Amino acid sequence: MLGILKTLNLALAFLLELVMLYAIGYWGFKLKQDTAIRWVAGIGLPLLAAVLWGVLLAPKSIVASPFAVKMAGKFILLLIASLLLYNAGKQQMAVAFIIVVIINFILLFVWQE
C-alpha cells in the first residue's frame, strides 16, 4: 500500500512540474506589454524553467547535487510559479497550487524521493 502512495505522490510531483510550466507561461501571456514581449515571456520563460529543471533539478540531471539542494531548488521554482499565478489574477489557483506543493514536498522529504 505504501508503494502505491509513493508512486501516486511521484506522479503528483510530475503533474505539479507541468502546472508550474503552465503558470509561468500563463503569466507571460498576461503581461501588459507588447504582443511580442508577451509571446517571448509566455513561451521563453517556461522553456527556460524546463531547461533549468532538466539540467539542475531532475533526478537524472547533468549536475549532481545533494537531495536537499535539489528539493530547495524545485520548491523555489514552484513557489515562483505560484506567485506568478497570483500576480496574473489567479489567486485561488495560486493558493491551491502552493498548498498541494507543500503537501507533496512533505511526503517527498519523509520518503526521501
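The values are calculated or read from the model by the stated rules, or taken from the named source; none is laboratory data. Values in this document were obtained by computation on a predicted structure and should not be read as measured data. Every residue, glycine as well, gets a Cβ built from its backbone with ideal geometry; the counts of neighbours run over all protein chains shown.
Is it the case that some residue within the range 19-40 is modelled with pLDDT under 95, closer than 26 Å to LEU107 by Cβ and of a type in the set (Phe, Trp, Tyr)? No, the range 19-40 contains no residue that is modelled with pLDDT under 95, closer than 26 Å to LEU107 by Cβ and of a type in the set (Phe, Trp, Tyr).
Okay, residues lined up against (1) closer than 20 Å to SER82 by Cβ; (2) among the hydroxyl-bearing types (Ser, Thr, Tyr):
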site	(1), (2)
LEU2	no, no
LYS6	no, no
LEU15	yes, no
ILE24	yes, no
GLY28	yes, no
LEU31	yes, no
THR35	no, yes
TRP39	no, no
LEU48	yes, no
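Filtering ALA68, ALA49, ALA64, ALA96 for residues that are at pLDDT below 95 and assigned to a helix (DSSP H, G or I) leaves a single hit, ALA68. Taken over the range 59-79, the residue count meeting the criterion of being free of Cβ contacts under 8 Å to residues at least 12 places away in the same chain and closer than 29 Å to LEU31 by Cα is 2.
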